[in-house]
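Everything on this sheet refers to the single structure shown next.
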Amino acid sequence: MAMTFGEQVPYGDPNWYTESYTSPYYNASHAEWRKRCREFVEDEIAPHVGDWEAARAIPREVYQKAGKAGLLPCVVGPNGYEYATCDAPAQFDYFHELIFVDELARGSASGGVLWGLVEGLQIGLPPVLNFGSEEMKKRVAPACLSGDKTICLAITEPWAGSDVANIRTTATRKGDKFILSGEKKWITNGIFADYFTVACRTGGPGMKGISMLLVEKTMPGIVCKKMDCQGVHSSGTTYIEFNEVEVPVSNLIGEENGGFGVIMKNFNHERWGFVVQANRFARVLLEESFKYANKRSTFGKKLIEHPVIRWKLAEMARQVEGTHHWLENITYQMCHMPKDDAMVKLGGVTALMKAHSSKVMEFCAREASQVFGGNSYTKTGLGSKIERLYRDVRAYAIPGGSEEILLDLSVRQAMKSKF
């Protein structure tokens with residue numbers, strides 16, 4: 001199944017986009033899905049990125065268009081299409097999700113637009129699909145997967161980021177309701193979300209006292225404040241206050257005081273998604289640099305003719321290509337490893353891969369800025385993608401587990417499996 005696809009800029013796309021390469025991971029369904037995703041992104045997303053970044057919001061009809069096109073359900077794992085009104089692509093697997101997120105990252109060149117459109121769904125709905133009651137799934141999932149409603153994951157607090165076990169938001173049970181009180185910070189999509197998947201303390205201290213609740217924005221006592229952040233401008237980063245919000249016990253996701261396990265099992269998919277995004281953004285930075293180096297002249301010759309520029313391109317390319325091959329290998333394991341085994345055995349390596357991918361993105365952002373020079377410092381013009389992605393780097397190095405936490409986790413997990 002080898003066919004040429006895309007512009008064929010060196011290293012500008014994964015190598016299976018080139019006719020001379022074959023891959024054991026992809027079939028005809030993936031190739032057709034790739035075409036479908038790219039057409040949607042180039043028609044409905046790419047032309048509007050600048051406007052949405054400036055407005056710091058994405059129009060609701062864009063979500064609905066993505067839902068109608070049958071794309072949104074692919075980002076929540078293998079069971080997304082079970083609750084959607086559209087059909088899954090033939091032989092649907094995690095490689096279809098990889099392709100859509102990869103193409104969305106390519107076409108938008110914006111962490112804000114990508115997060116604004118799919119991140120809340122990608123990390124907020126899986127806990128419902130994997131651990132919620134059947135009634136909850138049928139009530140919430142279809143509208144989220146069609147783009148009519150949005151959902152977000154609310155775990156991080158002003159005083160607890162990667163240290164999930166020490167969250168302070170509480171939910172006290174009173175009859176058939178929980179009374180939810182506390183604060184959440186840096187919540188992606190929170191300002192425009194209809195649902196919140198909320199981590200809260202229902203028991204004692206530490207990880208054994210945490211539960212997950214589905215909270216609806218229409219419930220009285222919720223205050224959302226949009227945050228002004230360094231990057232990912234159109235993602236709707238939000239500060240949330242829960243002021244004695246009454247949440248039905250039926251909105252409990254999983255078991256009471258069993259929420260820490262729900263969170264941990266959700267992290268693998270979330271971090272894998274970050275790798276897909278960060279590495280395609282790194283590839284965009286490489287592709288833009290390659291094209292610019294073949295147009296821009298200094299000292300009487302093209303930038304590409306200077307050895308130091310070729311060195312920069314090569315350094316970017318070796319890291320982007322290596323990360324993508326690693327990503328494809330782990331994606332293959334996700335497709336074939338039993339689900340319960342994958343949640344445990346892929347935790348450490350996914351954490352390591354996520355930390356690596358954000359470091360690669362940061363390296364490429366710096367090197368691309370050096371290649372573009374002053375053009376990388378302006379928000380419009382030739383270097384607009386470089387300037388935007390440079391600002392988005394920290395949103396990949398910190399959320400979903402900071403690089404330091406994940407590097408440590410990867411070694412601790414490896415020690416458990418080997419010693």
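The values are calculated or read from the model by the stated rules, or taken from the named source; none is laboratory data. Note that the structure is predicted; figures quoted are calculated from it, not measured. Here Cβ is always computed from backbone atoms with ideal geometry, including for glycine, and neighbour counts include all displayed protein chains. To get the accessible areas, we keep the full protein, side chains included, count just its heavy atoms, and leave off ligands, DNA and RNA. Shrake-Rupley method; radii C 1.70, N 1.55, O 1.52, S 1.80 Å.
Please specify each residue of the range 2-40 satisfying the condition of being buried (at least 19 other Cβ atoms within 10 Å of the Cβ), closer than 18 Å to Y94 by Cβ and at pLDDT 95 or above.
Those that are buried (at least 19 other Cβ atoms within 10 Å of the Cβ), closer than 18 Å to Y94 by Cβ and at pLDDT 95 or above: P14, Y26, H30, W33, R34, C37.
Could you go through the range 408-419 and let me know if any residue there is under 30 Å from G107 (Cα atoms), in contact with a helix residue (DSSP H, G or I) (Cβ under 6 Å, 6 or more places away or on another chain) and either assigned to a helix (DSSP H, G or I) or open to solvent by less than 50 Å² (accessible area, probe 1.4 Å) (or both). I'd like the intermediate steps shown before the answer.
In the first step, residues of the range 408-419 are kept if they are under 30 Å from G107 (Cα atoms); the result is none.
No, every residue in the range 408-419 fails to be under 30 Å from G107 (Cα atoms), in contact with a helix residue (DSSP H, G or I) (Cβ under 6 Å, 6 or more places away or on another chain) and either assigned to a helix (DSSP H, G or I) or open to solvent by less than 50 Å² (accessible area, probe 1.4 Å) (or both).
What residue, among those in the range 332-370 that are basic (K, R) and modelled with pLDDT under 95, is nearest to Y94 (Cα to Cα)?
Here the residue is K339.
Just a yes or no: is a residue in the range 125-134 without any contact (Cβ under 8 Å) to a residue 12 or more places away in the chain, out of contact with any strand residue (DSSP E or B) (no Cβ under 9 Å at 6 or more places or on another chain), open to solvent by 10 Å² or more (accessible area, probe 1.4 Å) and farther than 19 Å from I405 by Cβ? If you could, list the steps in order and put the result at the bottom.
To start, the set of residues in the range 125-134 that are without any contact (Cβ under 8 Å) to a residue 12 or more places away in the chain comprises 134.
Subset that is out of contact with any strand residue (DSSP E or B) (no Cβ under 9 Å at 6 or more places or on another chain): 134.
Add one more test, that the residue is open to solvent by 10 Å² or more (accessible area, probe 1.4 Å), and what stays is 134.
Add one more test, that the residue is farther than 19 Å from I405 by Cβ, and what stays is 134.
There is at least one residue in the range 125-134 that is without any contact (Cβ under 8 Å) to a residue 12 or more places away in the chain, out of contact with any strand residue (DSSP E or B) (no Cβ under 9 Å at 6 or more places or on another chain), open to solvent by 10 Å² or more (accessible area, probe 1.4 Å) and farther than 19 Å from I405 by Cβ.
Within the range 41-56, which residues are open to solvent by less than 70 Å² (accessible area, probe 1.4 Å) and in contact (Cβ under 8 Å) with a residue 60 or more places away in the chain?
V41, I45, A46, V49, G50, W52, E53, A55
Please verify whether the range 378-386 includes one or more residues that are open to solvent by 20 Å² or more (accessible area, probe 1.4 Å), aliphatic (A, V, I, L, M), within 16 Å of Q230 (Cβ to Cβ) and not in a helix (DSSP H, G or I).
Taking the range 378-386 and keeping what is open to solvent by 20 Å² or more (accessible area, probe 1.4 Å), we get 378-382, 384-385.
Those still in the list that are aliphatic (A, V, I, L, M) too: 382.
Checking which are within 16 Å of Q230 (Cβ to Cβ) leaves us with none.
No, every residue in the range 378-386 fails to be open to solvent by 20 Å² or more (accessible area, probe 1.4 Å), aliphatic (A, V, I, L, M), within 16 Å of Q230 (Cβ to Cβ) and not in a helix (DSSP H, G or I).
Are any of the residues in the range 277-291 open to solvent by 20 Å² or more (accessible area, probe 1.4 Å), touching a strand residue (DSSP E or B) at 6+ places or on another chain (Cβ under 9 Å) and of a type in the set (A, V, I, L, M, F, W, C)?
For the range 277-291, residues open to solvent by 20 Å² or more (accessible area, probe 1.4 Å), touching a strand residue (DSSP E or B) at 6+ places or on another chain (Cβ under 9 Å) and of a type in the set (A, V, I, L, M, F, W, C): absent.
So, in the range 174-215, how many residues would count as being more than 25 Å from S402 (Cα to Cα) and not hydrophobic (A, V, I, L, M, F, W, C)? Step through it out loud before you land on a result.
Initial filter on the range 174-215 (more than 25 Å from S402 (Cα to Cα)): 174-181, 192, 194-195, 202-204, 214-215.
Retained after the next criterion (residues that are not hydrophobic (A, V, I, L, M, F, W, C)): 174-177, 181, 194-195, 202-204.
Count: 10.
Scan the range 1-42 for residues that are more than 19 Å from V75 (Cβ to Cβ), assigned to a helix (DSSP H, G or I) and among the small types (G, A, S) and jot them down.
Here is the first cut: in the range 1-42, the residues more than 19 Å from V75 (Cβ to Cβ) are 1-13, 15-24, 27-28, 31.
Okay, now just the ones that are also assigned to a helix (DSSP H, G or I), so 15-17, 28, 31.
Answer for the range 1-42, where residues must be more than 19 Å from V75 (Cβ to Cβ), assigned to a helix (DSSP H, G or I) and among the small types (G, A, S): A28, A31.
In the range 58-83, which residue that is among the small types (G, A, S) and modelled with pLDDT under 95 is nearest to E387 (Cα to Cα)?
The residue in question is G77.
Here are some conditions: (1) part of a helix (DSSP H, G or I); (2) of a type in the set (G, A, S); (3) in contact with a Lys or Arg (Cβ under 7 Å, 6 or more places away or on another chain). G373 meets all but one. Which one does it not meet?
(3)
Which residues, taken from the range 344-370, are open to solvent by 10 Å² or more (accessible area, probe 1.4 Å), among the hydrophobic types (A, V, I, L, M, F, W, C) and more than 18 Å from the chain's Cα centre (by Cα)?
Once the filter is applied, which keeps residues that are open to solvent by 10 Å² or more (accessible area, probe 1.4 Å), among the hydrophobic types (A, V, I, L, M, F, W, C) and more than 18 Å from the chain's Cα centre (by Cα), the range 344-370 yields V344, F363.
Search the range 200-218 for residues that are in contact (Cβ under 8 Å) with a residue 60 or more places away in the chain and pair each with any residue that is open to solvent by 40 Å² or more (accessible area, probe 1.4 Å) when their beta-carbon atoms are under 8 Å apart and the residues are at least 6 apart or on different chains.
Correct list of pairs: M212/F131.
If you go through the range 232-257, how many residues are closer than 14 Å to F131 by Cα and either open to solvent by less than 10 Å² (accessible area, probe 1.4 Å) or in contact with a Gly (Cβ under 8 Å, 6 or more places away or on another chain) (or both)? Talk me through it step by step, then tell me what you get.
The first filter runs over the range 232-257 and keeps only residues closer than 14 Å to F131 by Cα, leaving 250-257.
Of the ones still in play, those that are also either open to solvent by less than 10 Å² (accessible area, probe 1.4 Å) or in contact with a Gly (Cβ under 8 Å, 6 or more places away or on another chain) (or both) are 251, 253-254, 256-257.
Residues meeting the conditions: 5.
Return the residues of the range 292-309 that are closer than 25 Å to G107 by Cα and surrounded by fewer than 21 Cβ atoms within 10 Å (Cβ to Cβ); say none if nothing qualifies.
The answer is A293, N294, K295, R296, I304.
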